[in-house]
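The values are calculated or read from the model by the stated rules, or taken from the named source; none is laboratory data. Here the structure is a predicted model, which is why all the values come from computation and not from measurement. Please note: Cβ atoms are built from the backbone with ideal geometry, for glycine as well, and neighbour counts cover all protein chains shown.
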Amino acid sequence: MREYNVARRRMVDEQLRERGITNQAVLQAMAEVPRHLFVPPGLRHRAYAACALPIGFGQTISKPFTVGLMTALLELQGGERILEIGTGSGYQAAILSRLAAEVVTVERVIALADSARELLTAFECTNVSVRAADGLDGAPDRAPFDAIIVTACATEVPQEMVNQLADGGYLLLPLQRQNDQVLYRCQRHGEQLRVSASLPVGFVPLQTGLQEARASA
């Protein structure tokens, strides 16, 4: 619909480009993916607002700037294999699918994994594999990954993620630091991690275990 197209262009211009995201491939991907289809129908009128939105099961779709920033920080060139921990609605995976060769995304809430898989299939994201599993397990059968993005807040860098990261690859995740969450980018160099902090963020906590219950929003 025209109103969504206009809102999406404004989102890219005002929330991404004007706030310093200059990676043209990222801007193009976010201009193409219909974010409103990844939020509950009752919230689609707010899909392009500068805020996170609930998607049920205690989870959220991140604000557009956060998605754009995290994607840009991965510095993707097009041939990478990416692991995402926390599929949620599938929106971040849809963005990554346009910028990398392969995306493996893991979601612990079975209902969200099922919904995201259906959406990504409908959008012909044929290079995305959705798994319903404990996110901390990652996807060791597809490792090593050129980049790993964690879309839930941890208290420390999970060693399981480091083990599945290729040498030179980036691990991007929010960490709890006292009363704040801070986005960190970690680059692996052999057995060492080079860690740099980015911006304050707000994510749901990283949880373990597979959730089968079809809880209400």
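Residue-by-condition table, conditions (1) surrounded by fewer than 22 Cβ atoms within 10 Å (Cβ to Cβ); (2) of a type in the set (D, E, K, R):
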{"site": "GLY68", "(1), (2)": "no, no"}
{"site": "ARG81", "(1), (2)": "yes, yes"}
{"site": "GLU84", "(1), (2)": "no, yes"}
{"site": "SER115", "(1), (2)": "yes, no"}
{"site": "GLU124", "(1), (2)": "yes, yes"}
{"site": "PRO140", "(1), (2)": "yes, no"}
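Of all the listed residues (GLU75, GLU84), the sole one being out of contact with any strand residue (DSSP E or B) (no Cβ under 6 Å at 6 or more places or on another chain), touching a residue at least 40 places away in the same chain (Cβ under 8 Å), within 23 Å of ALA197 (Cα to Cα) and among the acidic types (Asp, Glu) is GLU75.
For residues that are buried (at least 17 other Cβ atoms within 10 Å of the Cβ) and in a loop (DSSP other than H, G, I, E, B), scanning just region 144-161, find the one that is farthest from the chain's Cα centre (by Cα). In this case the residue turns out to be PRO158. Against the condition β-branched (Val, Ile, Thr), without any contact (Cβ under 8 Å) to a residue 60 or more places away in the chain and closer than 24 Å to LEU165 by Cα, how does VAL67 come out, does it pass? Considered against the rule, which asks whether it is β-branched (Val, Ile, Thr), without any contact (Cβ under 8 Å) to a residue 60 or more places away in the chain and closer than 24 Å to LEU165 by Cα, VAL67 comes out as yes.
Residues in region 162-217 that are crowded, with 19+ Cβ neighbours inside 10 Å and of a type in the set (Ser, Thr, Tyr) were compared, and the one that is farthest from GLY56 (Cα to Cα) is TYR170.
Of these, LEU136, LEU120, LEU193, which one is within 14 Å of the chain's Cα centre (by Cα) and either more than 16 Å from GLY86 (Cα to Cα) or outside any loop (DSSP other than H, G, I, E, B) (or both)? Before the answer, list the steps.
Numbers: LEU136 fails: within 14 Å of the chain's Cα centre (by Cα); LEU193 fails: within 14 Å of the chain's Cα centre (by Cα).
Within the list LEU136, LEU120, LEU193, the selection yields LEU120.
Residue-by-condition table, conditions (1) modelled with pLDDT of 95 or more; (2) in contact with a Phe, Trp or Tyr (Cβ under 9 Å, 6 or more places away or on another chain); (3) crowded, with 17+ Cβ neighbours inside 10 Å:
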position	(1), (2), (3)
GLU3	no, no, no
ARG8	yes, yes, yes
GLU14	yes, no, no
ASN23	yes, no, yes
MET30	yes, no, yes
ALA49	yes, no, no
LEU53	yes, no, yes
GLY56	no, no, yes
GLN59	no, no, yes
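Say whether the condition of being more than 15 Å from the chain's Cα centre (by Cα) and of a type in the set (Phe, Trp, Tyr) is met by at least one residue in region 87-97. Scanning region 87-97 turns up no residue that is more than 15 Å from the chain's Cα centre (by Cα) and of a type in the set (Phe, Trp, Tyr).
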